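Trainee: Sharing a structure with you now.
The values are calculated or read from the model by the stated rules, or taken from the named source; none is laboratory data. The structure presented is a predicted model; accordingly, all values stated were derived computationally and were not measured. Cβ placement follows ideal geometry from the backbone for every residue including glycine, while neighbour counts extend to all protein chains displayed.
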Amino acid sequence: MKIKKPFIFVYKLYTKFYLYDVNTKILVGISKNLYELLKDMGEEEYVIIPDDLENEVNRLLKYDIFSEPNFDYEIEYPQCEYIADILKNCMRTITLQVTQNCNLRCKYCVYSGSYENRIHTNKRMSFETAQRAIDFLHEHSGLSAAVSIGFYGGEPLLEIDLIKKCVDYAKKIFDGKDLSFTMTTNATLLTETIMDFLVENNFYVTISFDGPQKIQDKNRVMADGKRGSFNIVMKNVEHFLGKYPTFSEHINFNAVLDPTNDFECSNDFFMNYDTVQKNKARGVLISTDGLKKELERDESFTIAYEYEMFKNFLWSCGKIKDVGSKLTVSYIEQLEQLVVDRAIGLEKNKQYAHPGGPCLIGVHKFFVSVEGNFYPCERVDESIECTRIGNLDDGFDFERIKMLLNIGKLTENECKRCWAFQFCTQCFRSAVDGECLSKSKRLSKCKSTRYNAEQSLKNYIILKECGSTFGRRLREEKDT
């Protein structure tokens, strides 16, 4: 028996063996002998199946596994054809960069000077620009029942008067819609008046805060470079939560994880420190995109991080009562979205497909700089022309938007033949190289992307076999 060389990925997980069929997105356990045969297929057009494996292969063929791959389709983002209509009527969110200035000089900040192009400036958004941006959202969200306006910096509380004007104006023109406000702040400038304002207007506040004093003060220093920020942040947070204890569900913490720090110490702080233990907290590793020098890492950080992840796995399977780490638990939700909820089945005669990664602009994210220029999100380097998708004067640049959404076209042949097509997490940011989008830069990230995809498949198998509910338990706890 022989079959045409299949489009698959096979891997070993401890003493078991698995096959992922790219065409059907089916993941299935296989015998060791079949694994050994398929992992060494080579470049031959056909695979000869020995007699003792024919029954196993025939069972897989019944489910379209080993079906001949179809590369005769175009790389295109699923909603690209309708993007003009979506952005005309269905926008749901906008983030305003009210200032590029900040009263801190965090050592790992993208504006710190440690990254290419981006630095702190004294540029600030005028109310005219902010008003026009809010009008733009209003004009393009006619079919959206709910809209959200975010305030970002630099440090947005440096422009609290502008923010107050924006909120008053938005509440008038969005009357009748479900309107919400968000803010990302370092919390050093919180006053009682600002706290009252945030509560009265039902803000959702993300506080950038790394943990205990030793860790917070190492990187999050005041603009003079001499003082840490822990004491003032903790004083403000304690006062805020003490005055408005029921507002706690609107406040979460974003901890930037420096891999040279003690992760166990940071985790213990957010899990057990009285002031913050009831609040949501999320840990994100220092961004390496555009970083001028290689990021240093400490092995003890990695060990502690993975141990807490392991405890979260046990928790998701009901093996232990409490979550191991709030800082790492979001991975389980990401795993659910990436692998658990994957579309399964053979797509016959498909015309379009695109590897995962890009967000739907204007629906998931949309960023307006201090000058009124448009960008896909706040993580984009606003100094680079190729990532600019329009401005308040001219509206959307749909050709640029389509180019960024369809970043897979840059590496079309490689993407079509990559087993991790559906699990790719690269958006256009991975291809930014100076002032252009580079094929080689994007491809340079593929090895790590495939490695992460493989780990996701392995973790999914382990959790599924141990009875994990994945993100369901997280959602249940959020609702209680």
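Trainee: Scan the stretch 453-474 and tell me whether some residue there is over 30 Å from Phe17 (Cβ atoms) and aliphatic (A, V, I, L, M).
Mentor: Filtering the stretch 453-474 down to residues over 30 Å from Phe17 (Cβ atoms) leaves 474.
The next check asks that each one be aliphatic (A, V, I, L, M); those that pass are 474.
There is at least one residue in the stretch 453-474 that is over 30 Å from Phe17 (Cβ atoms) and aliphatic (A, V, I, L, M).
Residue by residue, here is whether (1) modelled with pLDDT of 95 or more; (2) over 14 Å from Gly211 (Cβ atoms); (3) out of contact with any Lys or Arg (no Cβ under 6 Å at 6 or more places or on another chain); (4) crowded, with 18+ Cβ neighbours inside 10 Å holds:
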| position | (1), (2), (3), (4) |
| --- | --- |
| Phe269 | yes, no, yes, yes |
| Lys278 | no, yes, yes, no |
| Lys293 | no, yes, yes, no |
| Glu296 | no, yes, yes, no |
| Glu299 | no, yes, yes, no |
| Cys317 | no, yes, yes, yes |
| Ile320 | no, yes, yes, no |
| Gln334 | no, yes, yes, no |
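Trainee: In the stretch 14-42, which residues are out of contact with any strand residue (DSSP E or B) (no Cβ under 9 Å at 6 or more places or on another chain) and either in contact (Cβ under 8 Å) with a residue 24 or more places away in the chain or under 19 Å from Val339 (Cα atoms) (or both)?
Mentor: If the condition is that a residue be out of contact with any strand residue (DSSP E or B) (no Cβ under 9 Å at 6 or more places or on another chain) and either in contact (Cβ under 8 Å) with a residue 24 or more places away in the chain or under 19 Å from Val339 (Cα atoms) (or both), then Thr24, Lys25 are the ones that fit.
Trainee: Inside the stretch 383-424, can you point out the residues that are acidic (Asp, Glu) and within 13 Å of Asn373 (Cβ to Cβ)?
Mentor: Answer for the stretch 383-424, where residues must be acidic (Asp, Glu) and within 13 Å of Asn373 (Cβ to Cβ): Glu385, Asp393, Asp394, Asp397.
Trainee: Of all the residues that make up the stretch 246-282, how many are in contact with a helix residue (DSSP H, G or I) (Cβ under 7 Å, 6 or more places away or on another chain), touching a residue at least 60 places away in the same chain (Cβ under 8 Å) and not hydrophobic (A, V, I, L, M, F, W, C)?
Mentor: 3
Trainee: Among (1) over 23 Å from Arg227 (Cα atoms); (2) in contact (Cβ under 8 Å) with a residue 24 or more places away in the chain; (3) in a helix (DSSP H, G or I), which single condition is Leu158 missing?
Mentor: Here Leu158 clears every test but (1).
Trainee: Given the residues Thr188, Thr182, which is the only one that is part of a loop (DSSP other than H, G, I, E, B) and either within 24 Å of His239 (Cα to Cα) or of a type outside the set (Val, Ile, Thr) (or both)? Write out each step before concluding.
Mentor: Values: Thr182 fails: part of a loop (DSSP other than H, G, I, E, B).
None of the others qualify; the one that does is Thr188.
Trainee: In the stretch 200-219, what residues are closer than 12 Å to Ser180 by Cα and outside any strand (DSSP E or B)? Reasoning before the result, please.
Mentor: Keep residues of the stretch 200-219 that are closer than 12 Å to Ser180 by Cα, which gives 200-205.
Residues satisfying the conditions are Glu200, Asn201, Asn202.
Trainee: For the stretch 395-410, enumerate the residues that are surrounded by 19 or more Cβ atoms within 10 Å (Cβ to Cβ) and free of Cβ contacts under 8 Å to residues at least 12 places away in the same chain.
Mentor: The answer is none; no residue qualifies.
Trainee: Residue pairs, Cβ under 7 Å, 6 or more apart or interchain, first in the stretch 427-453 and buried (at least 20 other Cβ atoms within 10 Å of the Cβ), second polar (S, T, N, Q) and part of a helix (DSSP H, G or I). List them.
Mentor: Correct list of pairs: Val432/Thr387; Arg442/Thr411; Arg442/Ser430.
Trainee: Turning to a different aspect of this structure: Among the listed residues Glu476, Glu465, identify the single one that is surrounded by fewer than 17 Cβ atoms within 10 Å (Cβ to Cβ), over 23 Å from the mean Cα position of the chain (by Cα) and not aliphatic (A, V, I, L, M).
Mentor: Glu465
Trainee: Would you point out which residue out of Phe396, Phe374 is of a type in the set (Phe, Trp, Tyr), farther than 30 Å from Val276 by Cβ and touching a Leu at 6+ places or on another chain (Cβ under 7 Å)? Outline the logic, then answer.
Mentor: Values: Phe374 fails: touching a Leu at 6+ places or on another chain (Cβ under 7 Å).
Exactly one residue qualifies, and that residue is Phe396.
Trainee: List the helices (runs of 4 or more DSSP H) inside the stretch 387-447, counting only whole elements, that have at least 3 residues being closer than 18 Å to Cys377 by Cβ. Spell out the reasoning first.
Mentor: Numbers: elements: 398-405, 412-416, 439-444.
Because the criterion is at least 3 residues that are closer than 18 Å to Cys377 by Cβ, the helices (runs of 4 or more DSSP H) in the stretch 387-447 that meet it are 398-405.
Trainee: Look through the stretch 115-132, keep the residues that are surrounded by 18 or more Cβ atoms within 10 Å (Cβ to Cβ) and assigned to a loop (DSSP other than H, G, I, E, B), and return whichever of them is modelled with the highest pLDDT.
Mentor: Met125
Trainee: Report yes if His120 is assigned by TED's automatic domain parsing to the domain that holds Leu257 and closer than 22 Å to Val221 by Cα, otherwise no.
Mentor: Details: assigned by TED's automatic domain parsing to the domain that holds Leu257: yes; closer than 22 Å to Val221 by Cα: yes.
Here the answer is yes, as His120 does meet what is asked.
Trainee: Could I ask something else about it? Tell me whether the stretch 51-74 contains one or more residues that are within 30 Å of Gly395 (Cα to Cα) and surrounded by fewer than 16 Cβ atoms within 10 Å (Cβ to Cβ).
Mentor: Our first condition is that a residue be within 30 Å of Gly395 (Cα to Cα); within the stretch 51-74, this holds for 74.
If we keep only those that are surrounded by fewer than 16 Cβ atoms within 10 Å (Cβ to Cβ) too, we end up with 74.
Checked the stretch 51-74: at least one residue is within 30 Å of Gly395 (Cα to Cα) and surrounded by fewer than 16 Cβ atoms within 10 Å (Cβ to Cβ).
Trainee: Tally time: how many residues in the stretch 25-36 are within 24 Å of Phe423 (Cβ to Cβ) and outside any loop (DSSP other than H, G, I, E, B)?
Mentor: To start, the set of residues in the stretch 25-36 that are within 24 Å of Phe423 (Cβ to Cβ) comprises 25-30, 34-35.
Going one step further and asking which of them are outside any loop (DSSP other than H, G, I, E, B), we end up with 26-30, 34-35.
Final tally of qualifying residues: 7.
Trainee: With respect to the numbered conditions (1) exposed (fewer than 14 other Cβ atoms within 10 Å of the Cβ); (2) in contact with a Cys (Cβ under 9 Å, 6 or more places away or on another chain), which one is the sole condition not fulfilled by Pro245?
Mentor: (2)
Trainee: Next question, about the same structure. Listed residues Gln351, Gln422; which is surrounded by 17 or more Cβ atoms within 10 Å (Cβ to Cβ), among the polar types (S, T, N, Q) and outside the structural domain of Phe127 (by TED's automatic domain parsing)?
Mentor: Working: Gln351 fails: surrounded by 17 or more Cβ atoms within 10 Å (Cβ to Cβ).
Being surrounded by 17 or more Cβ atoms within 10 Å (Cβ to Cβ), among the polar types (S, T, N, Q) and outside the structural domain of Phe127 (by TED's automatic domain parsing) holds for just one of Gln351, Gln422, which is Gln422.
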